[in-house]
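Just so you know, all these numbers are worked out from the coordinates, no wet-lab data involved. This is a predicted model, so every value here is computed, not measured. Glycine gets a Cβ as well: all are built from the backbone with ideal geometry, and neighbour counts include every protein chain shown.
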Amino acid sequence: MGAGLFELRRDTITGWWVATVVDREFRRGRFSLAAGAVDDGGACQNCAQPDGDGVRVRTLKDYAFHVVGSQDEAREIERNLSQLALSQARASGSWRTIVAPPGEHRPFQLVGSELQCSMLSHVRAALSEAQKLGQTEYLQVVQNWGSQAGARTNHLCLDLYDLPQIPHRVAEEIGGAARYVIREGECPYCRLTRDEPRNGSRMIWEDQASVAFAPYASRSPFEVWVVPREHAADFAAASDKDIASTAEALRQVLGRLACLDGPPYNLVLHTAPLRERVDGTYHWHWEIHPRLREIAGLELGTGLPVNPVSPEEAVEELLRYRPEGVREGMQ
């Protein structure tokens, strides 16, 4: 049989399927890709704005989204394609960024725990503030590292997008988690924090507060989740212990990804919506998605993600690598 046998794996939370290649030998050279630098012309705006020497929050756009609330409005904009029609749509949301101190262009895993925790604490504060304001539905936190991952700066930062709607992926997780609780009697993420360490084949790191593992139905090569052990839907309520543990888990995972030449990646936080209460069923977590390959025709035609590296094989490769500063074994 030729190489390329697919194993269809189902995400137990969302119900989505992934085609995982399970009979192809891993070849590091196919997935080694260094994060590309962004051409900023030698002038980093995040170093200069805003004023200050520590972690700062910079507003890039006060209103980042135009909301077309009905099909009639959408058709009007589509027919006219005019600035007047677009300006009549409702402006909403914002785009801000949490920026590291001036001159800080190192990757997250190399800046030290104090700065890592400070940036994550700023995320917690931003979520809390957004909840109090109650002006939008969801605050999406993202880090794009490397030009291939959509980064627009070489500066270490975390972007904040105030969204006028709950993202589809998060909505699917919220609904799937609620159905899982009804069916199984417990939160699926809580079960993962218990079952993945027991299984061990997809585990990368754990301590008393959180676990880092490759999900069973990983959508892309070397995808990793960082999930707190204690049930909590909202990162705005994360304790200092949670933040310190999350920072360490991210440092461990991103440090091990250096085995792929320090690849570009997207880091995203999935947390509770700003206005909906999902405390009993949802569970905040961070996801790391290295950008190691292009999407092929099968994925575009079907919407079925294809992962050419099984999560078990990816973890085996990551654990084989011993970057400087990463301790042996797991706590």
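A full extension of the chain between Asp62 and Val22 corresponds to an added length of 9.7 nm, given 0.36 nm per residue minus the alpha carbon distance. For the chain, the relative contact order is 23 percent, taking Cα pairs closer than 8 Å that sit 6 or more residues apart in sequence and dividing their mean separation by the residue count.
Taking each residue as 0.36 nm, the span from Arg277 to Glu114 lengthens on full extension beyond its C-alpha to C-alpha distance by 55.5 nm. Taking only the Cα atoms of the chain, the radius of gyration and Dmax are 20.4, 62 Å. Placing dummy labels 7 Å off each Cα toward the beta-carbon, the span from Leu298 to Asp40 is 4.0 nm.
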